[in-house]
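The values are calculated or read from the model by the stated rules, or taken from the named source; none is laboratory data. None of the values given here were measured: they were computed from a predicted structure. Glycine gets a Cβ as well: all are built from the backbone with ideal geometry, and neighbour counts include every protein chain shown. SASA here: full protein model, heavy atoms, side chains in, ligands and nucleic acids out. Shrake-Rupley method; radii C 1.70, N 1.55, O 1.52, S 1.80 Å.
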Amino acid sequence: MTRSSISQRDGTSKVKHRRSVKLRRKIKRATERKRRRRLAKRTARWAHGLEMSGGARGLIGAVGVPLLRLLAEQSGLRAGLSAALARSGFVPGHDRGQILVDVAVALGLGAASVAGAIDVLHASLAMLATVASAPTAWRALEEVDEASLARIATARATHRRTVWARLADRPGGFPWVQVAGQVWHGWIVIDVDASLVESHSDKEGAAPTYKKHIFGLHPILVSCANTGEMLAVLLRNGNAGSNTVADHITVLRQAVAQLPPRYRRRIIFRADGAGATKDLLAWIKTEATQHGYTWHYSVGFDVTEPVRQAITDVPADVWAAALTPEDKVRRGAHVTEITGLLTLPDGWQPDMRILARTEPLHPRHRKQASPAEKQRGQRFQATATDLPGHHYPRLDAFHRNHAGVEAVIKDGKDLGLRRLPSHSFAFNQAW
């Protein structure tokens, strides 16, 4: 046998081997696709033929469970999460997207742990659907890494695009923020705030916080005032700063990415004093310019000695009566602009304005009050904003409406943030 014939035979064998490998891979992928289709059909089967009845027989306890589960199924959220958590070569016995939906639904009914969530679902869905076991749910959350979180965020944003389109199609239209008789039509209002989450065990990242008597974590939460939705939550170590610029920018990027593209064009960011940093305000304006958006801000401003002096220098007839969110005069409270009385350091935005507010000094604030505040019997507050207009009472009321984020944070804590189930930081971020 000649050398050329041996080489030719070897070459033929390699080609056959490559073809065989490709064929096996093709068969494996086809088999995996079939298994995924069967899993998807089995997962959605429970919702077929489900009806609501007003009769007294055959009713389901905790009816909110199947309704929320059904909403996630028919709106496409479950399918989006399932696709986000799909892994090549792995077809689970229980759909991972359905597990996430189930855990979220159970948290809505007051579950305080993974096992508790599964118990709630077994009690409420026993006659309708198969529910994963607690160990399976735990494994599903453990499998969620940074890449999975990014895909889940994309799935949530896609789902929100559909839901917000339905909101806009309602007779009343999209819910625009209304404060003190003014409707902020066309504007999305984003509230950002940090909050402490107390930890009664040594969880990863738990540390003494700025409130020395609290040991735990210090997440930043971002919500949308138009719809009351929580857009993003960034879990952080307990000793993280309240005004850390990098963390604020990270979570705000995540929050903006959750908005449908058409609603990103006109945004107003609201924050307390932790958001009043030069770098954060610069990021807001730079990011808007780069994308051709119109973004504004309204943030708490530190009442320093120059600010106190400016407030005391304002003539009495310049102050305007403050308004409540219901457009009523707030007794004893007054607002005005003091930008012209201040010399701001370099680095602040050139179009930034400072609004001042005075109100009767409450006994609980007297200990921290300055001598000027005690002498006048008033509490001084300030706001930094680039919002247009000179109706200072309405601008002030709009900023103070930021306090509504506290209700959203409370809801978030009631829905699982207060009860982080694992020692692992990554697991708790997924939760």
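I'd like the carbon and sulfur percentage of the solvent accessible area for the chain, probe radius 1.4 Å, heavy atoms only, ligands and nucleic acids excluded. List each step's numbers first, then the result.
Working: 12230 of 23160 Å².
The value for the chain is 53 percent carbon and sulfur by accessible area.
I need the shape label for the stretch 118-159. Rule: rounded when a/c is under 1.5, else prolate if a/b > b/c, else oblate, with a, b, c from the alpha carbon gyration tensor. The partial results should precede the final answer.
Working: a/c = 4.14, a/b = 1.75, b/c = 2.36.
Note, shape of the stretch 118-159 comes out oblate.
To the nearest 20 debye, what charge dipole does the stretch 191-256 have about its Cα centre, counting +1 at the Cβ of each Lys and Arg and -1 at the Cβ of each Asp and Glu?
Working: 5 positive and 7 negative charges, 33 e Å.
The dipole of the stretch 191-256 has a size of about 160 debye.
Using 1/(1 + (r/R0)^6) with R0 = 56 angstrom and r between the beta carbons of residue 349 and residue 112, what's the FRET efficiency to the nearest 0.05? Mind showing how you got there, number by number?
Working: r = 44 Å, r/R0 = 0.79.
Efficiency at R0 = 56 Å is approximately 0.80.
Only four residue types carry charge here, +1 at the Cβ of Lys and Arg and -1 at the Cβ of Asp and Glu. Report the dipole size of the stretch 130-251 about the Cα centre in Debye, rounded to the nearest 20.
Details: 11 positive and 12 negative charges, 68 e Å.
My answer is approximately 320 debye.
Going through the stretch 189-269, which trypsin sites (Lys or Arg not before Pro) have at most 15 other Cβ atoms within 10 Å and a DSSP loop state? Walk me through the intermediate numbers first.
Details: sites: 203, 211, 212, 236, 253, 262, 264, 265, 266; in loops: 203, 211, 212, 236, 264, 265.
Passing both the DSSP loop test and the Cβ count: 211, 212.
What accessible area per residue, rounded to a whole number of Å², is obtained for the stretch 383-431 using a probe radius of 1.4 Å?
Details: 2120 Å² over 49 residues.
Here the residues of the stretch 383-431 average 43 Å² of exposed surface.
Let's see if you can work this out: charge +1 on each Lys and Arg Cβ, -1 on each Asp and Glu Cβ, no other charges. What is the dipole magnitude of the chain about its Cα centre, in debye to the nearest 20?
Working: 63 positive and 38 negative charges, 680 e Å.
Here the size comes out at about 3260 debye.
What does the C-alpha gyration tensor say about the overall shape of the stretch 270-364? Classify as rounded when a/c is under 1.5, otherwise prolate if a/b is larger than b/c, or oblate.
Details: a/c = 2.12, a/b = 1.59, b/c = 1.33.
Prolate shape, in that a/c is at least 1.5 and a/b is the bigger ratio.
Put +1 on the Cβ of every Lys and Arg and -1 on every Asp and Glu Cβ in the chain; which of 225, 154, 206 then has its Cα farthest towards the positive end of the dipole?
154
Among 141, 171, 90, which residue has its Cα furthest toward the positive end of the charge dipole of the stretch 87-216, with +1 on Lys/Arg Cβ and -1 on Asp/Glu Cβ?
It is 171.
Per residue, what accessible area does the stretch 83-123 have, given a 1.4 Å probe and all protein chains present, in Å²?
Working: 1520 Å² over 41 residues.
Each residue of the stretch 83-123 exposes 37 Å² on average to a 1.4 Å probe.
Points 7 angstrom from Cα along the Cβ direction at residue 329 and residue 170: gap in nanometres?
3.5
Considering only protein heavy atoms, what per residue accessible area in square angstrom results for the stretch 195-341 with a 1.4 angstrom probe? Numbers along the way, then the final one.
On the way: 6820 Å² over 147 residues.
Accessible surface, normalised per residue, equals 46 Å².
How tilted is helix 146-168 with respect to the longest principal axis of the chain? Cα atoms for both, answer in degrees (0 to 90, nearest 10).
Orientation of helix 146-168: about 70 degrees from the principal axis.
Go ahead and estimate [θ] at 222 nm for the chain from helices alone: -39,500 (n - 2.57) per DSSP H run with n ≥ 4, summed, over the residue count, rounded to 500.
Numbers: 15 runs with 188 residues, N = 431.
After summing the helix terms and dividing by the residues of the chain, the value is -13500 deg cm²/dmol.
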